[in-house]
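Undergrad: One structure, as structure tokens, below. Some questions next.
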Amino acid sequence: MDLFEAIKSRRSIRRYKTDPVDDKKIETILDAGRWAPSWGNTQCWRFVVVRDAAVKAKIADTLKKIKLPDKEVPNPASGAMNNVPVIIVVCARIGSAGAGHGTPGGKPEYVTDKGDWFMFDVALAVQNMVLAAHAQGLGTVIIGAFDAPQVEKILNVPEGYRAVTLFPLGVPEHEGKAPPRKELSEIVSKDSFGK
Ligand SMILES: Cc1cc2nc3c(=O)[nH]c(=O)nc-3n(C[C@H](O)[C@H](O)[C@H](O)COP(=O)(O)O)c2cc1C
């Protein structure tokens, strides 16, 4: 699949068939993540491949409620987690992306006003992975609204690492419908912001 076609036709998939996913395809997806660029090539990402039904069910539970100011609602991707064959949980080592050399063993000295760039680096790896999945006929949906500390407990994520995002991986049961995008004229300016 052509890269631009993959970028434009990838959709968030929230219903999957129960068909198993080939190990080779998963490896190709993880490898695409591995080749993402990162701050100073720090590669803070760590990928946990979850196939165990009991662990998947526990992770699915962490998506059940999203707290809005006045109520709790289920995550729209909750249903996707039920029968999906694989979940990839993306974790990050904290304190390396965005940091200079700092004091060994001490607090990281961040180079920019943004502090730790782990969210940014993880996002680059995740985008590579979801495109690699789509190019191989597999569906994904990136999930940010879940109870990350709970997932860290379930997966025994050690101190110094955070669970950032996760995505189910399976054969799509439907073709996703593209939510509209802003026009380029709304997001691009010339020589000065907003012009
Ligand atoms: C950082 C991030 C977090 C997201 N979290 C969720 C989520 O918790 N639940 C969900 O159903 N979709 C989630 N999504 C998917 C977006 O809703 C989706 O990408 C967006 O509506 C555009 O649709 P498309 O992916 O089909 O182009 C997330 C996407 C991103 C990039």
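Each value in this text was obtained by applying a stated rule to the coordinates, not by laboratory testing. None of the values given here were measured: they were computed from a predicted structure. Every residue, glycine among them, receives a Cβ derived from its backbone with ideal geometry; neighbour counts consider all protein chains shown.
Undergrad: At what distance in angstrom do the alpha carbon centres of the stretch 17-36 and the stretch 124-178 lie from each other?
TA: Answer, in whole Å: 12.
Undergrad: Moving on to the next point. Give the long-range amide H neighbours of Ile13: residues separated by 5 or more places, or on another chain, with amide H under 5 Å away, using H modelled in the peptide plane at 1.01 Å from N.
TA: Thr140, Val141
Undergrad: Here is a further query. If you stretched the chain out fully between Lys153 and Ala57, how much longer would it get, using 0.36 nm times the residue separation minus the C-alpha to C-alpha distance?
TA: That works out to 33.2 nm of additional length.
Undergrad: A further question on this structure: Please list the non-local residues whose amide H lies under 5 Å from the amide H of Leu166, H modeled 1.01 Å from N, same-chain partners needing a gap of 5 or more.
TA: The list, which skips near neighbours in sequence, is Val90, Ile143.
Undergrad: Take Trp35, project a point 7 Å from its Cα along the Cβ direction, then tell me which residues of the stretch 123-152 have their backbone nitrogen under 17 Å from it.
TA: 124-137
Undergrad: Give the total of Lys-Lys pairs in the stretch 1-147 with Cα-Cα distances below 28 Å; include a pair only if its members are 8 or more places apart or on different chains.
TA: 19
Undergrad: Tell me, what HN-Hα J-couplings in whole Hz come from the Karplus equation 6.51 cos²θ - 1.76 cosθ + 1.60 at θ = phi - 60° for each residue of the stretch 155-162, using x for Gly and Pro?
TA: Values per residue, Gly and Pro as x: 9, 6, 5, x, 4, x, 10, 10 Hz.
Undergrad: Between rounded, prolate and oblate, where does the stretch 144-195 land on the alpha carbon gyration tensor, with a ≥ b ≥ c its root eigenvalues, rounded for a/c under 1.5, else prolate if a/b exceeds b/c?
TA: oblate
Undergrad: Take each uninterrupted DSSP H stretch in the chain, measure its Cα extent along the helix axis, and return the ones at 24 Å or beyond whose mean Kyte-Doolittle hydropathy is at least 0.0.
TA: Qualifying helices, which must be both long enough and hydrophobic enough, are 118-135.
Undergrad: Using only C-alpha positions, report the orientation-averaged shadow area of the convex hull of the chain, nm², one decimal.
TA: 13.9
Undergrad: Starting at the first residue of the stretch 69-78, write each ³J(HN,Hα) from the Karplus equation 6.51 cos²θ - 1.76 cosθ + 1.60 with θ = phi - 60°, in whole Hz, x for Gly and Pro.
TA: x, 10, 7, 10, 10, x, 5, x, 8, 3
Undergrad: Please give the contour-minus-distance gain from Thr18 to Phe120: 0.36 nm per residue of separation, less the Cα-Cα distance, rounded to one decimal in nm.
TA: 33.5 nm
Undergrad: Further, regarding this structure: In 10 Å bins starting at zero, report the fraction of Cα pairs in the stretch 1-80 per bin as a rounded %.
TA: Spelled out per bin, shortest first, that is 12, 30, 38, 19, 1.
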